[in-house]
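Here's the structure we're looking at; comments come further down.
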Amino acid sequence: MSLHDDAVLVLKGYAPEGPEDAHGDQAELRQAYLDHLAHHDDGMWK
């Protein structure tokens, strides 16, 4: 498994919860990282 694949699996498995994410900030950031990794095979290095 590559570092890229591992990062995608970790991010997909992360479920933000609690009052600190009441506005979805963590969910939005998580999705931004997933989008970046989906479009860049070398996304872990940029």
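The values are calculated or read from the model by the stated rules, or taken from the named source; none is laboratory data. What you see is a predicted model; the values in this text were computed from it and never measured. So basically every Cβ, Gly included, is an ideal-geometry build from the backbone, and we count neighbours across all protein chains shown.
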*So, in the range 5-16, of the ones that are assigned to a helix (DSSP H, G or I) and within 11 Å of the chain's Cα centre (by Cα), which residue ends up nearest to L29 (Cα to Cα)?*
L11
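Residue by residue, here is whether (1) surrounded by fewer than 12 Cβ atoms within 10 Å (Cβ to Cβ); (2) modelled with pLDDT of 95 or more; (3) polar (S, T, N, Q) holds:
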position: L9; (1), (2), (3): yes, yes, no
position: P19; (1), (2), (3): yes, no, no
position: L34; (1), (2), (3): no, yes, no
position: D41; (1), (2), (3): yes, no, no
position: M44; (1), (2), (3): no, no, no
